[in-house]
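*Asks:* The structure's right below; bear with me while I get my questions together.
Just so it is clear, none of the values below were taken in a lab; they were calculated from the coordinates. This one's a predicted model, so the numbers in the text were calculated from it and none came from an experiment. Don't worry about glycine lacking a Cβ; one is built from the backbone with ideal geometry, like all the others, and counts go over all protein chains shown.
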Amino acid sequence: MRLFVGLGNPGAKYAMNRHNVGFMAVDRIAADHGFPPWRSKFRAELSEGRLGGEKVVLLKPQTFMNLSGQAVGEAMRFYRLEPADLVVFHDELDLAPGRLRVKTGGGHAGHNGLRSLHQHVGEGFQRVRIGIGHPGHRERVTGWVLADFAKADRDWLEDLLRGISEGAPALAAGDAARFMNAVALRVAPPRSSDRPGRGAAPAGQAAAAEKAGGKRPAAPAEGAGGTARPDGRQGQPAQDGQAGEAEDGSQARSALQRLIDRFR
């Protein structure tokens, strides 16, 4: 059996806070994998189900963040679990928004939920650290974590939560690498392509063009429109003098050379 714990604060006013992303993660797992309705136990909300071949208990402490360890400790004693059976999903200031890391053990870095867990169950549990970014100044941290995610964050947050849910069976089986791969495929999916090795236009863009009666968009010319990047952005367009070989095989002239030619 594995115990998956999401950290957060109870109540509707905190539901979309950055500090509650741990709750969001286990809520998404419960919804996507057919877990039964939440019930109250151990001063927490609890739901039991299966992820792949593993029995998993999902837990959301209702003691507020800084007392999370009380509820988790009660659950672990009841199920006779060890820290190695525990996976905790929590917000992480030291990771950029949308980034995720899996770690076993380590300090709490001032996170009150982790501090409470250390006091009640020790440090040897596995952590899924979900990046929310840092506001830049220490005095702004409390306001930052207790503020709702911005509307601009909703797209990456949805993709990240879907990836966590899709990878949850691997995490329950102890395969952190496969879990991370599932998350990576969701937050940075590979580009669709008409041929391997080169990024054609994204499938949705191509489909829209065909539906409108046009031709499929061509892939950007290498060195002319920027190089494709896995995150969907483009690199810097090539500058004059860096475009490579022209169609006739001659080296493209620089802007300076063309200016000199004008005054010859």
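*Asks:* Sort out for me the Cα centre separation of region 1-75 from region 108-185, rounded to whole Å.
*Replies:* Comparing the Cα centres of region 1-75 and region 108-185, I get a distance of 13 Å.
*Asks:* Return the long-range amide H neighbours of Arg127 (sequence gap of 5 or more, or a different chain), with a cut-off of under 5 Å between placed amide H atoms.
*Replies:* Val88, Lys103, Thr104, Gly105
*Asks:* Give me the percent relative contact order of region 73-126, please, defined on Cα pairs under 8 angstrom at least 6 residues apart.
*Replies:* Details: 36 pairs, mean separation 29.2, N = 54.
Averaging sequence separation for qualifying contacts and normalising by length gives 54 percent for region 73-126.
*Asks:* Filter the cross-link list Lys13/Lys55; Lys13/Lys60; Lys41/Lys151 down to pairs whose alpha-carbon distance in this structure exceeds 25 Å.
*Replies:* Listed pairs above 25 Å: Lys13/Lys55; Lys41/Lys151.
*Asks:* Still on this model: For Arg50, what residues show an amide H to amide H distance below 5 Å, using hydrogens built from the backbone and excluding near sequence neighbours?
*Replies:* Val56
*Asks:* Quote the relative contact order of region 19-90 in percent (integer), defining contacts as alpha-carbon pairs under 8 Å separated by 6+ residues.
*Replies:* 30 percent
*Asks:* So, one more: Within the set of other residues whose C-beta is less than 11 Å from the C-beta of Asp148, count the net charge using Lys and Arg as +1 and Asp and Glu as -1. Walk me through the intermediate numbers first.
*Replies:* Working: positive: Lys13, Arg18, Lys151, Arg154; negative: Asp153.
The answer is +3.
*Asks:* Taking 25 Å as R0, compute the FRET efficiency from the Cβ-Cβ separation of Asp175 and Ala96 and round it to 0.05. If you can, show how the numbers build up before the last one.
*Replies:* Working: r = 25 Å, r/R0 = 0.99.
The value I calculate is 0.50.
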